[in-house]
Amino acid sequence: MKMRLISLALLPILALATDLPDLGDSALGDLPLHEERRISDMVARELRKSGDVEDDPELNDYLNRLGSKLAASSNDSRVNFRFFPISSAQINAWAVPGGVISVNLGLLVLTQHESELASVMAHEIGHVTQHHYARMVETQKGSGLMTLASLAVAILAARSNPDAAQGALAASEGYQLQRYLSFSRDFEREADRVGMQTLQAAGFDAGAMPVFFDRMQHFYRNVDNGAFAFLRTHPVTTERIADSQARAAKLPYRQWVDSPDYLFMREKARAIQLGGQDALRYYEGTTTQKKYAFESAQQYGFAFALWQAGKFDAAWEHIVAAQKALGGDHPYLASLAVAIRRDQGRFDEANTLIKAARARFPSAPGLVYGEIDLSLRRKNPKEAVSLCAEALSLKPSDANLHKRIAQAYTELNEQGLAHRALGEYYALLDEPSAAIQQMQIALKAGGDFYQLSAIEARIKELRASLPVDKHGRAIDEKKDRP
């Protein structure tokens with residue numbers, strides 16, 4: 001791959017791109033969709049390795065359901081979008097060619113309505129479906145700066161830490177890279193236009209986009225503390241806001257009622273973001289002074305913050321208050337109630353709760369994982385294996401289920417099955433070398449003819465998925481040798 005030095009500060013990040021297949025120097029014309037997908041796979045893999053992705057099944061599930069609803073209404077159904085919640089208080093969201101879109105918890109917390117969150121996600125979807133990154137590289141054809149694959153890694157660095165990237169881009173060649181990382185005004189308008197069409201088609205309030213951008217701009221002017229990373233890479237101008245307001249005025253008015261899922265997940269994100277005593281002080285104030293529009297979500301946020309702090313008795317009081325305020329049940333409330341009882345050591349009550357909740361919400365991820373985790377805590381790995389197998393029959397590509405069944409097999413001293421499950425876990429995280437290593441350990445652990453044959457066949461499949469250099473050699477070939 002052809003690459004020129006950008007700056008010493010970016011070298012560790014750009015070094016990741018040297019393990020990518022040679023994608024060439026052209027952009028849109030020579031970059032088919034399957035190559036964009038390879039770039040997005042690489043970025044998704046690096047995101048997971050970074051530890052920045054919030055590993056919460058409910059936040060992940062909510063964000064991907066919302067994103068999928070928007071993507072289904074976008075102008076390009078060929079892109080396989082994936083949405084990642086990022087554990088950062090910065091107000092930011094960003095996209096990578098091929099459909100990886102990340103949303104910081106800070107941005108989710110700042111939104112006041114679900115349509116506002118959807119508007120940012122629709123805007124990012126617009127950047128992907130309009131191939132803005134590729135088109136930016138195309139306009140700079142012949143500059144010899146970097147391929148789109150290298151650009152994707154630089155985007156990952158800049159979007160994750162804009163302040164560090166800004167310092168790294170101080171050099172002359174860095175300035176050229178900055179031109180790539182900041183979208184042009186025309187591209188921003190186009191992403192606004194396409195995003196608003198997507199919002200409207202998905203049933204959301206398209207007017208939420210200019211409202212949210214205007215609020216961000218207002219806050220940014222008054223509190224420029226580096227939190228508004230989105231505005232550094234997606235400059236919002238008064239003219240752009242006026243353009244989007246004019247577009248929204250031409251669309252039929254549509255009121256979108258915030259879903260309980262959004263309201264609960266916003267509070268979970270807030271509790272995670274604030275953490276510790278700050279979260280407890282915040283919810284003590286809002287619940288005592290009744291500063292809320294949706295009491296159930298505030299009580300849920302308080303219960304979650306108390307549970308995080310290990311104050312399980314108080315957490316139980318507030319989850320009961322959340323259920324009472326809602327006037328019914330919800331899978332998010334049920335899964336937190338189970339977790340509280342489980343961590344209190346009241347396993348029988350937790351088991352009763354989870355069985356009833358699973359009957360009402362059989363596919364809720366928090367409850368699926370909650371029942372498995374409860375079985376493991378109750379030292380019942382056989383039940384955990386059975387529950388994992390049932391869940392995997394419905395969602396075979398769920399990496400967290402493979403990780404849990406591996407833990408259950410380990411407790412049963414079924415080492416071969418445990419390492420095979422871990423191999424599938426790493427394969428789903430796009431880490432074929434680590435997957436092959438686990439499969440080889442499983443192979444050495446032994447088994448019957450059919451089991452060993454299946455493992456050998458899987459190793460061959462995983463070897464075929466290893467990235468190759470321009471000569472066709474597997475880049476990670478040395479790492480997967482026994």
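At-a-glance table
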quantity	calculated
Set Gly275, Gly328, Gly345, Gly301: member being within 26 Å of Leu374 (Cα to Cα), under 28 Å from the mean Cα position of the chain (by Cα) and surrounded by fewer than 16 Cβ atoms within 10 Å (Cβ to Cβ)	Gly275
Residue in region 222-232 that is in contact with a Lys or Arg (Cβ under 9 Å, 6 or more places away or on another chain), modelled with pLDDT under 80, farther than 30 Å from Ala321 by Cβ and of a type in the set (S, T, N, Q) present	no
Residue match in region 353-364 (condition: closer than 27 Å to Lys49 by Cα, modelled with pLDDT of 95 or more and either outside the structural domain of Leu47 (by TED's automatic domain parsing) or surrounded by fewer than 22 Cβ atoms within 10 Å (Cβ to Cβ) (or both))	yes
Residue match in region 346-365 (condition: within 24 Å of Leu428 (Cα to Cα) and part of a helix (DSSP H, G or I))	yes
Residue in region 399-414 that is modelled with pLDDT under 95, under 25 Å from the mean Cα position of the chain (by Cα) and not β-branched (Val, Ile, Thr) present	yes
Pair list, Cβ under 8 Å, 6 or more apart: region 379-396 residue in the same structural domain as Val368 (by TED's automatic domain parsing), other residue among the hydroxyl-bearing types (Ser, Thr, Tyr) and surrounded by fewer than 17 Cβ atoms within 10 Å (Cβ to Cβ)	Leu394/Ser363
Unmet criterion (only one of (1) in contact with a strand residue (DSSP E or B) (Cβ under 8 Å, 6 or more places away or on another chain); (2) crowded, with 23+ Cβ neighbours inside 10 Å; (3) farther than 14 Å from Asp192 by Cβ) for Arg82	(2)
Helices (runs of 4 or more DSSP H) completely within region 1-113 that count 1 or more residues being at pLDDT below 90	11-14, 33-50
Number of the exception - Ser296 against (1) part of a helix (DSSP H, G or I); (2) at pLDDT below 95; (3) small (Gly, Ala, Ser)	(2)
Test for Leu105: is it surrounded by fewer than 24 Cβ atoms within 10 Å (Cβ to Cβ) and in the same structural domain as Met216 (by TED's automatic domain parsing)	no
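The values are calculated or read from the model by the stated rules, or taken from the named source; none is laboratory data. All values derive from a computational prediction rather than experimental measurement. Ideal geometry is used to build each Cβ from the backbone, glycine not excepted, and the neighbour counts take in all protein chains shown.
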